[in-house]
C-alpha cells in the first residue's frame, strides 16, 4: 500500500526522525551533498563554512543555518534541478 501524502504540516512523518547523534554513520565525514548545501547556506547566512564536520554535525549545522536564513527573510539555498536530457 502506498503512503498517503497530504499538505497538512502538522501530520507526523511515517518514519521517526532520529537525532543525528544517534546515527550509526554520524561520525563519518559529511557527504558531498551536505557540504555543497552547507556551503551555500553559510554564504547566505554570512557564516564561516567548516569543511571538517561529520555527517551528524553537518546535519545539525544545516538546521541552524536554515533557521538563521529564514529568520532574515530569505529563502534557504535549494539544490538546483538537473537539466533534462
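Any read-out appearing in this document is the output of simple, stated calculations on the displayed coordinates, not a laboratory observation. Just so it is clear, the model here is predicted, and its values are computed rather than measured. Please note: Cβ atoms are built from the backbone with ideal geometry, for glycine as well, and neighbour counts cover all protein chains shown.
Tabulated data for the structure shown
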quantity	calculated
Relative exposure of 31, 25, 54, judged by other C-beta atoms within 10 Å (fewest first)	25, 31, 54
Which of 24, 69 has the fewest Cβ neighbours within 10 Å, and the rest in rising order	24, 69
Isotropic mean projected area of the C-alpha convex hull, region 27-71 (nm²)	2.6 nm²
Chain lengthening between residue 36 and residue 17 when straightened (0.36 nm per residue, less Cα-Cα)	4.6 nm
Chain lengthening between residue 67 and residue 25 when straightened (0.36 nm per residue, less Cα-Cα)	12.7 nm
Relative contact order [Cα under 8 Å, 6+ residues apart], region 27-71, whole percent	49 percent
